[in-house]
1. Based on the mean of other beta carbon atoms within 10 Å per residue, what is the order of 26-37, 66-77, 10-21, most packed first?
2. Take Val85 and Asp50, extend 7 Å from each Cα along the Cα→Cβ direction, and tell me the distance between the two endpoints in nm.
3. Name the residues whose placed amide hydrogens come within less than 5 Å of the amide hydrogen of Glu30, ignoring near sequence neighbours (fewer than 5 apart) on the same chain.
4. Show me, for segment 71-84, the HN-Hα J-couplings you get by feeding each phi into the Karplus relation (A = 6.51, B = -1.76, C = 1.60, θ = phi - 60°), rounded to Hz, glycine and proline as x.
5. For each pair in Lys46/Lys93; Lys56/Lys94; Lys69/Lys94, compute the distance between the two Cα atoms and list the pairs where it is over 22 Å.
6. Under a plain spin-label model, where a point goes 7 Å from the Cα along Cα-to-Cβ, how far apart in nm are Asn72 and Lys94?
7. Give the shape of segment 46-108 as rounded, prolate or oblate, defined through the alpha-carbon gyration tensor: a ≥ b ≥ c are the square roots of its eigenvalues, a/c under 1.5 means rounded, and otherwise the shape is prolate if a/b is larger than b/c and oblate if not.
8. With all distinct Cα pairs included, what does the Kirkwood hydrodynamic radius of the chain come out to in Å, to one decimal, could you say?
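The values are calculated or read from the model by the stated rules, or taken from the named source; none is laboratory data. Predicted model, so just to flag it, every value in this text is computed and none were measured. Using ideal geometry, Cβ is built from the backbone for each residue, glycine included, and neighbour counts are taken over all protein chains shown. To get the accessible areas, we keep the full protein, side chains included, count just its heavy atoms, and leave off ligands, DNA and RNA. Shrake-Rupley method; radii C 1.70, N 1.55, O 1.52, S 1.80 Å.
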Amino acid sequence: MFNIALYQPDIPQNTAAIIRLCSCFGSTLEIIEPCGFNLDDKRIKKVAMDYLNKVKIIKHKTYNDFLIKKNNSRIILMTTKAKKVYTDFCFNKKDILLFGRESEGVPEIVHKKSFERLKIPIKKNTRSLNIGTAVAIVLSEALRQNSTK
């Protein structure tokens, strides 16, 4: 099912919450390094609890390594800079949902190499949602669209 990719995450507690989310929904978590912390950080273990051992985590040393190993999957970048809203997009089970670094998003090359750029609409005069919240919102919609009834 859907892979979640984090581009150079820098807040361990957010990554830990996403680990739990991936575990609960059967998603693989891909981490594009460098990371702002180690996965054995006590803050990760505190939030992820025993879910850390129940999720597949793939680490990529660089963004280029990530691109090489994407296995013909579409990269769907979630960004506040997109014009298209995530609910107006048809997700595919092999899509990789990519989320930027909490402190600075992603560089322009990542925007250019993505299949699609999408946003979650939020109120004017607000910057962004917490990344864990954003992952949950988009993953829920992607799963809803691809559920078998």
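1. Details: 26-37: 17.7, 66-77: 15.5, 10-21: 20.8.
Final packing ranking: 10-21, 26-37, 66-77.
2. About 4.1 nm, to one decimal.
3. For Glu30, whose amide H was placed from the backbone, the distant partners under 5 Å are Ile4, Ala5, Leu6, Ile58.
4. Values per residue, Gly and Pro as x: 6, 6, 7, 7, 9, 10, 8, 8, 8, 6, 8, 7, 9, 7 Hz.
5. Lys46/Lys93
6. Computed distance between label sites Asn72 and Lys94 equals 0.4 nm.
7. rounded
8. Working: mean 1/r = 0.0649 Å⁻¹.
Value: 15.4 Å, from the Cα pair sum.
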